[in-house]
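Single-structure report; data block below.
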4 protein chains.
Amino acid sequence: MSSSFGRLLRLTTFGESHGKAIGGVVDGFPSGVRIDEDFIRSEMGRRRPGSTPLGTKRNESDEVNILSGVYNGLSTGAPIGFMIENRTQISSDYSEIEHKYRPGHADYTFDAKYGIRDPRGGGRSSGRETAARVFGGALAKLFLREHGISVSAGVVEIGGIKAENYEWNPPFPSPLYAPQCDALDKMLERIEEARRASDSAGGVIECRIEGVPAGLGDPVFDKLDAALAMAVVSIGAVKGIEFGAGFSSTEKRGSENNDQMRAEDGRPVFLSNNAGGILGGISNGNTILFRAAVKPTPSIAKEQLTITDRMENTSISVRGRHDPVIVPRAVVVVEAMAALTIADALLLQRAYER
Amino acid sequence: MSSSFGRLLRLTTFGESHGKAIGGVVDGFPSGVRIDEDFIRSEMGRRRPGSTPLGTKRNESDEVNILSGVYNGLSTGAPIGFMIENRTQISSDYSEIEHKYRPGHADYTFDAKYGIRDPRGGGRSSGRETAARVFGGALAKLFLREHGISVSAGVVEIGGIKAENYEWNPPFPSPLYAPQCDALDKMLERIEEARRASDSAGGVIECRIEGVPAGLGDPVFDKLDAALAMAVVSIGAVKGIEFGAGFSSTEKRGSENNDQMRAEDGRPVFLSNNAGGILGGISNGNTILFRAAVKPTPSIAKEQLTITDRMENTSISVRGRHDPVIVPRAVVVVEAMAALTIADALLLQRAYER
Amino acid sequence: MSSSFGRLLRLTTFGESHGKAIGGVVDGFPSGVRIDEDFIRSEMGRRRPGSTPLGTKRNESDEVNILSGVYNGLSTGAPIGFMIENRTQISSDYSEIEHKYRPGHADYTFDAKYGIRDPRGGGRSSGRETAARVFGGALAKLFLREHGISVSAGVVEIGGIKAENYEWNPPFPSPLYAPQCDALDKMLERIEEARRASDSAGGVIECRIEGVPAGLGDPVFDKLDAALAMAVVSIGAVKGIEFGAGFSSTEKRGSENNDQMRAEDGRPVFLSNNAGGILGGISNGNTILFRAAVKPTPSIAKEQLTITDRMENTSISVRGRHDPVIVPRAVVVVEAMAALTIADALLLQRAYER
Amino acid sequence: MSSSFGRLLRLTTFGESHGKAIGGVVDGFPSGVRIDEDFIRSEMGRRRPGSTPLGTKRNESDEVNILSGVYNGLSTGAPIGFMIENRTQISSDYSEIEHKYRPGHADYTFDAKYGIRDPRGGGRSSGRETAARVFGGALAKLFLREHGISVSAGVVEIGGIKAENYEWNPPFPSPLYAPQCDALDKMLERIEEARRASDSAGGVIECRIEGVPAGLGDPVFDKLDAALAMAVVSIGAVKGIEFGAGFSSTEKRGSENNDQMRAEDGRPVFLSNNAGGILGGISNGNTILFRAAVKPTPSIAKEQLTITDRMENTSISVRGRHDPVIVPRAVVVVEAMAALTIADALLLQRAYER
């Protein structure tokens, strides 16, 4: 497996959904950054099951225990170890899936890869591992804040219902974590429909990063958009990412898609942002903007065809308290991965500043 | 900069479009692989300017000189150094852009990052660097071929014209490198319109990887789709990527989007491929399928507003022999990055095979 | 900081000597390996303070809590998180050194690097971090054992007293963890002299790795000896390493130093082992042999000149329960770093096996 | 294989001794550094065969062709590709060793690892690859020079004859590249004796790095001494390394070995340098000092027992124009690896500077 993310600022994580604990190590974090535990707690809360009325009724504990690397409230430069204990859970919930592969899940591929699998709650492939990402992201945001950089994401589409004409005024409120727009009620309705049908819905998350100076990102392979793409697609359930005009840029002419430039007060200004704030893999000082596609939750009560690990045909109805939609809870995870990526790129760029 | 790609199989590249040469090193390549120089030449030819009547009229030399790592026609396990000389070019073509930033290009961001820039032909940010990727990809394909894995890509959309009801029977012919479908003529027409308007067009490339065994990819951060996303988005002009049903999966219910399973002859079969062949970041044995959005070529003769490196307002009309569309030439580059990623994941998985 | 070691098999650690806990993550560990907790406990015991009558009287808790990656006694391929709680300690022991730099310690360099320092017990630079290395090493040994590879180390010199004519029959007994030889009593005497003088002594540790097949190690930069050198020199207090004949090879003629070869039963046999089992950075099938120089413990009660963090001249007598010699306790740490290095090289080589 | 060295500043190399060329890529090199080609040429000259009357009579071409990354005499931040062509050589010299394994060489281990080997001149395991290191080191020195850091090495022991009471006033003159001392004549004599006996001699190289600020190096695994150890031991023929008092520190008491401190003009001064300028893996501002053991050249005309690749017993007398001692030519290679390591650590530290 590969449980580390980043080049200078590195997040390493461990943990299964029903093991003793999840946690990890944030390494390469600068010294002297004030570790705001209230902020961390509030970030963890945004991801926690039960944080939205849409979600699972499970009551996971997401209380982070910081084990090292902080002294008198400041980071020391040493690795920051952290742990989130898993409260006792009724593992019998998961007895059926010990031998049946849930469609849309990683059960089969984990067996194919490792020959052994912890079936309790999806084990390592459970969304629970994203709690460690959110912690790492919270630290990254504390560092970025000192450099005037902010990361915010919100739901802009649910089950085909698109937010339109919205303004971007984060933080966005629970339960949808979406910018204010006319479509909100329809989105909630779409989720309710899915729930009633014992089914689930997907959606799109938009992320904007403000205050990034021009110059971050490392061509030709570790371009800033390439690094963000890896970061965000590594989140379970994300099936696509696009920057700026993204897939719709393919329908434009070059003259429409290019962001023309003007100088204002001796600084460049772009007349549009089809590039999503990145040119040639390097930030251009404009808002960095991307959208991620989140597939509908694969865990559904509706019956589906599948096989067992003995290659027998069967069917499955995934029981338990599952979310009909995980898109809102993924918002803070997308922010976390973006924040880690930008913080890493910022550190790298500092190494080369003249 | 960051000019290396891969973990075990590593491609490192160098070179500017108008310097002495481009080239690089392929390291971690297995020994004993037959190096088929004809195949390499044919791959290089697919990317070369002038390979399609749609493209630039420049006559770049793409003859690869292999400098090491091959003995008696077989790879030795030693690093494979290679070089492609740049033929003499009229650099005066580029004198205007020495101080003006071309919209949609990396001119401004390179200056912001490095404080110095080789303006001849875009320097390091030129698409010419992709020739080195194609060479690396050709080697990766030779290795994958020995393991029954094939990588093919094709154009499935140009300027909003979508290929539909196509079969996948690669290799696809020049000039469009697209699968046979009714839309081909309209696509060519769309390109011709853009050219006449001194403008350009973008498009979408689909890539399919066949023969990948279940088990490749490393959760939770180096998932196979995450690695492919980084690989492909690192190609200049790519602004988005989606796997399987991708962005359209967000409009589906979970029950529609999950790929249900059956056992046939003791092996799992998926009844659909919305996952694009990857579950939980690990290949599931199905065809790996993704699509990449390629923006319209930013170099256009049409006049555009821009600024100089002294922050003066001005305008620019990019002269020279530029492609109205680069999507067809990017097909082999997408294949190359995909092949490098899969070969790397295959080597890694071999380390853990029981 | 850089708290990760290894390429495929990666140990990441965290923790200060007087924080809540130390611990880490072992990532890239193969699935299906039986995790023998008794063996792990016994390895931890070899490093623990108080494990030898020579050492500190501190009673550190070295009970490891495995938090993930193991299911039904077998590794699952998922990252193995682990934690060792620090028992309550009298931190006042360390109040004097909050502002005085201990000679031979990293107090000054940590301040110079990070601008902030956790002074309690040396913080991150304390030898306590090696407990996490020993845990990682124990796991590596369990994997190596399945491949017939064993790693053993022993003390062969203390304060200038050299073991001679010794046989290598590990495991070596407490307190010295040295092979049986005539010099043992003199070594113990030398330590006792140092203790009586409120001073300390250093020594040399030899390490032998048996059963390594020919072919491990990656020229030209990640040669097996280079990787071992990095691994072992990264242990605090190690000031040198040599392979095979090492520094004494420089006094030999080539004809004496070269290990001549014979074929026996169709397999190569070396008539000597001046190379220490590594040729051209690749294991040659012979026993891998190296020696590491461990400096005398810098913490001594004897008064020494030093400065404060306000650049005032002063002197210091380091109080507390310090070892007059740490060489015996470092034996298992040397083994651990060697085991991690060899296991990593073995995994890498498996990726390329034909 | 692993042909890349460094984390931010990365040298990747390729090439066999008798292939078309050797070369590589220097990536992550800062922009705006003046590339002094005269200096590079003079560094290459120090390593070149024939640079000392002691060495081989082969006349290798070491003219470096810089292919990219430099514009108007300044580095641009882009990867610096470089190539050194191999002049035509009489490969028949090497016909005997195609099937016989030379003792002390990597012939057998390359076969064991790769199953295929370019026998001409040792192929990839030839000392010729160090020319690429020297080029990378020369660039690193140009960068370090801008930061007031200098790296110098010299021969301090040949075949058991030790330089004593020497002053350190580099650069040291050909042929021995040793500091002025009484032992010089005896060293030369020792080499001459070895040559007359168709044999070879080894020696010790000392390296000093001046001007390094306190704070470089990354505990706990990428300590500065650990990184230097890996860098230097990765040079062929190096069998050991020690820092400061090194192996002799093991014979000292802690009170003798600790470098006591005084404040002078508000800055710390060390009263000795047994630590070799590194404490806890971080530079302390003192001169960094290490010594490397170089084994006697394994290529000797004297007859030795060996085997063939068909596991037959035989003997070999290695013909050709081989050096009876390579220690003097290795001096600039040791400097190069040290310079690359320090430059990399300096860049990394800049990322974290407050």
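The values are calculated or read from the model by the stated rules, or taken from the named source; none is laboratory data. Treat the numbers as computed from the prediction; the structure is a model and nothing was measured. Here Cβ is always computed from backbone atoms with ideal geometry, including for glycine, and neighbour counts include all displayed protein chains.
Results, tabulated for the structure shown:
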{"item": "Entirely in region C:1-96, the strands (runs of 3 or more DSSP E) that have 3 or more residues that are modelled with pLDDT of 95 or more and within 24 Å of residue B:217 (Cα to Cα)", "result": "C:10-14, C:21-27"}
{"item": "Filter result (assigned to a loop (DSSP other than H, G, I, E, B) and polar (S, T, N, Q)) within region D:298-328", "result": "D:299, D:317"}
{"item": "Selected residue (criterion: nearest to the other protein chains (Cβ to nearest Cβ)) from residues of region D:296-321 that are under 28 Å from the mean Cα position of the chain (by Cα) and surrounded by fewer than 15 Cβ atoms within 10 Å (Cβ to Cβ)", "result": "D:317"}
{"item": "Long-range neighbours under 6 Å by Cβ, at least six apart or interchain, first residue without any contact (Cβ under 8 Å) to a residue 12 or more places away in the chain within region D:112-136, second surrounded by fewer than 24 Cβ atoms within 10 Å (Cβ to Cβ) and part of a helix (DSSP H, G or I)", "result": "D:117/D:111"}
{"item": "Any hit, region D:329-343, residues being over 18 Å from the mean Cα position of the chain (by Cα), more than 20 Å from residue D:47 (Cα to Cα) and either at the interface with chain C (Cβ under 8 Å from one of its Cβ atoms) or not in a loop (DSSP other than H, G, I, E, B) (or both)", "result": "no"}
{"item": "Matching residues in region D:8-18 - criterion: being surrounded by fewer than 24 Cβ atoms within 10 Å (Cβ to Cβ) and in contact with a Lys or Arg (Cβ under 8 Å, 6 or more places away or on another chain)", "result": "D:17, D:18"}
{"item": "Exclusive hit being closer than 22 Å to residue D:247 by Cα, hydroxyl-bearing (Ser, Thr, Tyr) and in contact with a strand residue (DSSP E or B) (Cβ under 7 Å, 6 or more places away or on another chain), set C:248, C:200", "result": "C:200"}
{"item": "Any hit, region A:233-243, residues being of a type in the set (Phe, Trp, Tyr) and either touching a Cys at 6+ places or on another chain (Cβ under 7 Å) or more than 25 Å from residue B:206 (Cα to Cα) (or both)", "result": "no"}
{"item": "Tally, over region D:291-323, of residues that are at positive phi, at pLDDT below 95 and touching a Pro at 6+ places or on another chain (Cβ under 9 Å)", "result": "0"}
{"item": "Of all residues making up region D:172-204, the number that are free of Cβ contacts under 8 Å to residues at least 40 places away in the same chain and of a type in the set (Phe, Trp, Tyr)", "result": "0"}
{"item": "Residue within region C:246-260 that is in contact (Cβ under 8 Å) with a residue 60 or more places away in the chain and crowded, with 24+ Cβ neighbours inside 10 Å present", "result": "no"}
{"item": "Matching option when the condition is small (Gly, Ala, Ser), crowded, with 24+ Cβ neighbours inside 10 Å and under 21 Å from residue A:247 (Cβ atoms), among B:163, B:153, B:131", "result": "B:153"}
{"item": "Strands (runs of 3 or more DSSP E) (entirely within region C:237-295) containing at least 1 residues that are more than 7 Å from every other protein chain (Cβ to nearest Cβ) and closer than 20 Å to residue C:178 by Cα", "result": "C:238-243, C:288-294"}
{"item": "Region D:118-170, subset within 11 Å of chain C (Cβ to nearest Cβ) and in a loop (DSSP other than H, G, I, E, B), residue nearest to residue D:321 (Cα to Cα)", "result": "D:126"}
{"item": "Test result for residue D:191, in a helix (DSSP H, G or I), over 30 Å from residue C:199 (Cβ atoms) and of a type in the set (A, V, I, L, M, F, W, C)", "result": "yes"}
{"item": "Residue in region A:205-224 that is more than 8 Å from every other protein chain (Cβ to nearest Cβ) and without any contact (Cβ under 8 Å) to a residue 12 or more places away in the chain present", "result": "no"}
{"item": "Filter pass, residue B:193 being more than 28 Å from residue B:285 (Cβ to Cβ) and surrounded by 21 or more Cβ atoms within 10 Å (Cβ to Cβ)", "result": "no"}
{"item": "Region B:204-219 - residue that is of a type outside the set (A, V, I, L, M, F, W, C) and part of a loop (DSSP other than H, G, I, E, B) and, of those, farthest from residue A:115 (Cα to Cα)", "result": "B:211"}
{"item": "Lone unmet requirement of (1) touching a helix residue (DSSP H, G or I) at 6+ places or on another chain (Cβ under 6 Å); (2) in contact (Cβ under 8 Å) with a residue 60 or more places away in the chain for residue D:152", "result": "(1)"}
{"item": "Residues that are assigned to a loop (DSSP other than H, G, I, E, B) and either surrounded by fewer than 24 Cβ atoms within 10 Å (Cβ to Cβ) or under 14 Å from the mean Cα position of the chain (by Cα) (or both), drawn from region C:106-117", "result": "C:115, C:116"}
